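The values are calculated or read from the model by the stated rules, or taken from the named source; none is laboratory data. Because the structure is a prediction, the values reported are computed rather than measured. No Cβ is skipped: glycine too gets one built from the backbone with ideal geometry, and neighbour counts run over all protein chains shown. To get the accessible areas, we keep the full protein, side chains included, count just its heavy atoms, and leave off ligands, DNA and RNA. Shrake-Rupley method; radii C 1.70, N 1.55, O 1.52, S 1.80 Å.
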Amino acid sequence: MPLKGFLSSKGGSSLLGSRRSEAASVLSGDEKLAMLDELERSGLGWFWASDHEGNLTYLSSAIAERVDLPLDELIGQPLASVFAPRQGDGRTKSLPLMLGARKAFSGFVVEATHGKSNAVLRLAGQPIDDARGKFIGFRGTGADITEEFHREEETERLAKFDSLTGLSNRHRMAQIIDSTLTAFQAAKRNCAVMMLDLDRFKHVNDTLGHAAGDELLRQVSARLKRAIDRDCEIGRLGGDEFQVMLPDIDDRGVLGDVAMKIIAMLKQPYSLDEGRCVIGASVGIAIAPHDGVTRDEVVRSADLALYAAKNGGRGQYRFFSGELENEAIFRRRLEEDLGAAVRDEQLFLKYQPIVAAKTQSVETLEAHICWNHSQRGEIDEEEFASILDGASHVADVGTWAIEQACQDAANWPESVRVAVNVPVPLFSVEDFVDRVADALKKADLAANRLELEISEAVFFGDTNAVDRTLAQLFKLGVQLTLDEFGSGYSSLAYLRRAPFDTIKIDEKLIQEADGEDSRELGLVKAIVALAGALEMKTVANGIEAMGLLDVLSQCGVSYLQGPIFSDPIAIDSVFEELVGDAWKIEPCGDRTKRARRRTVFRKIQVIHDDHSYEVTLRNLSKTGALIQGLADVPKGTQFVVDLGGGQLAVATVIRTSGDTQGLEFEQQLIDDGSGGLCTRNRVSPYALASAGAPLAALSQGDYKGMQGGMLGQGNSVPQFGYAPAPKHEAA
């Protein structure tokens, strides 16, 4: 339909805002056509018309040009097939429904269904009747709102998504978790929340700059998306803190696998314009409704678990448990007390021997920092290292350790050196070399008797500053050891640039090399060969088994260290061993590294029929447990073992001797991320609620009432009696 015909239709003049007003009558028909034609060409106003079936009878050529479609192909087509509502417009009605209702509409945002243009239009339309009142179609206008729409869309996006990574922001994550938990509570569904924090990100930001930090965060977000291959929502809460929501999952075995995959992917090297860097990640996990019902409760639980994971040594995951809050409070107090520990001489050193592979003579003693806390008692080297990591006093503590180690070594035979680990923050201190020189001078110790163990993380800082510090240390005459080499991101560039005397092979790599055909063993051999070519020595740490010792000796490792020789020992014992002839240590396979246990189960409940018995848990493994305290329990008896916190495990007695029974679990326990064990699933708070209890997070108490109905109110007689109390309680 030409523009003249479009205007001559009844009601067409209404599009101009008035019906034959006195002002409009001044213009002739040709003048009106010219004015409207100019209006169309200017892009300020566009027009369209359709017949009673909704097919286009008129369309301004400017609209066709804007959507990049030929005008002659558009005329005669259904309006609803040419334009479709813009996705995300929020309209509930479709264009065909609106046309079919034969009612006026306005502000309807559409885009062309075909063509290459990204134009966004706003349409308005009004139904038109002929002189007899019969509906003959629609007349309408259109406007190009592309820039306005995308500007508003970007504003809306920025309100919901992180501008740097494209992930959901804190506000959107809060809304999603809130709405999800509310809906899932009514449907009795589970939902897991993970809190993630990047390890060593601040160091990258401080040394490589904020631009590098931003690019690193973008790469981290991309890896997170690849690492989680299941339905989830990922958000960045700010800084280096991320959050993941995983609906319909309460299996802690699956969640642990997801967390480990995240940790493994995020610790791989990153290539940035400013240089190469490596970070890590710690993960805290909470599950609704087990660990909380509301968003605030669940997120707080995940936060506490994250805090525990970081304190456990970083690069770990932890599940929430009710004990973590007290642990977190106490940990914060310990960190606050560190300054006083240095000032009040509460710290002391233990030393672990490093022996020559060929002679088994002790040639170096590695210093480990311990803490004699006024309330807690002795805090061993492993726990102290986790407290120190990231603490504000790390440089002061590191300086003290170097000074004290030099003082101790000055009283040893000259053939024995002392090794001290250098924290990255201490290495980065401007006067670090002066501090080392002062420590040597005060102790009157030859510089070549001090070994400084330096991790690869120092190379992620300012290249010139790192090279300058290493050169000054070399000139000073101290021995330099590259620590944790082979941990997954080693670079040969470090060995070319730095004057290292020794390479210390990563402990995890050593532990995984216990096999003739293992890939890790091949890597160890390659590192030893590389060190030999560069005239460097090698140290293998963490050796526990005789078989592994034999394999490493055959590889040509220079020095050996680990529980198979000795754990760290007190300074008095060191002096005693160093008196007389050379100190040699014969390896012993009976020595095993003492396993750290964050949670030790002592008294627990076991349930049989509708009766509960308190027993002593002697040991616990993935496949079973050893309990003590019941008499006359035959093989084949089934118990439900209540490990506390809603953890119930079905077990069968497979061996019995007096008051002691060996149990085999129906379903294996899993790692809890911190060296302990836990059940895959727990008692559902929904089950407790259906039994009459209010819906709430699980308490740390026992759950014996979940087995056999109303426990203690049955008619049966207890089948087992208590044996005499054991003479020694479980450790």
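Summary of values
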item	result
Equivalent ellipsoid dimensions for the range 323-440 as semi-axes, Å, which come from the Cα gyration tensor, largest first	27, 18, 13
The chain: calculated mean residue ellipticity at 222 nm from DSSP helix runs of at least 4, using -39500 (n - 2.57)	-10500 deg cm²/dmol
Relative pair counts by distance (%), Cα atoms of the chain, 20 Å bins	13, 33, 26, 16, 10, 2, 0
Rounded to whole Hz, the Karplus (6.51, -1.76, 1.60) HN-Hα couplings of the range 329-338, x for glycine and proline	4, 5, 5, 4, 5, 4, 4, 5, 7, 4
Virtual spin-label span in nm between Arg151 and Asp581, 7 Å along Cα→Cβ	9.0 nm
The range 72-188: translational diffusion in µm²/s, Stokes-Einstein, Kirkwood Rh over Cα pairs, 10 °C, 1.306 mPa s	91 µm²/s
Ile249 long-range amide H proximity, modeled H, under 5 Å	Asn190, Cys191, Ala192
In Hz, Karplus ³J(HN,Hα) per residue of the range 666-671 (6.51, -1.76, 1.60; θ = phi - 60°; x = Gly, Pro)	5, 10, 4, 6, 10, 5
The range 218-277: proportion of alpha-carbon pairs further apart than 15 angstrom, %	55 percent
Mean accessible surface per residue for the chain, computed with a 1.4 Å probe while every protein chain stays in place, in Å²	48 Å²
Accessible carbon and sulfur surface of the chain relative to its total accessible area, %, 1.4 Å	47 percent
Sites Arg496 and Asp572 - FRET efficiency at Förster radius 56 Å, r taken between beta-carbons, to 0.05	0.85
Rounded to whole Hz, the Karplus (6.51, -1.76, 1.60) HN-Hα couplings of the range 166-177, x for glycine and proline	x, 7, 4, 8, 4, 5, 5, 4, 4, 5, 5, 5
The chain: relative contact order in percent, alpha carbon pairs under 8 Å with at least 6 residues between	8 percent
Over the range 164-230 - Rg/Rh using Cα atoms and the Kirkwood inverse-distance radius	1.10
Dimensions (Å) - the range 101-166, Cα atoms, principal axes, largest first	61, 25, 16
Estimated FRET transfer efficiency (Val650, Asp72; beta-carbon r; R0 56 Å; 0.05)	0.15
Estimated FRET transfer efficiency when R0 is 60 angstrom, pair Ala471-Glu666 (beta carbons, to 0.05)	0.45
Residues whose placed amide H lies under 5 Å from that of Gly701, excluding near-sequence neighbours	Gly645
log₁₀ of I(q)/I(0) at q = 0.16, 0.25 Å⁻¹ - the range 311-351, Debye sum with one point per alpha carbon	-0.60, -0.92
Radius of gyration and maximum dimension Dmax of the range 413-539, Cα, Å	15.4, 50
Under 5 Å, built H, 5+ apart or other chain: amide partners of Phe83	Thr113
Charge sum, other residues only, whose C-beta stays under 12 Å from Val557's C-beta, Lys/Arg counted +1 and Asp/Glu -1	+3
Members of Lys261/Lys504; Lys350/Lys622; Lys202/Lys622; Lys310/Lys525 lying beyond 30 Å, as alpha-carbon distances in this model show	Lys350/Lys622; Lys202/Lys622; Lys310/Lys525
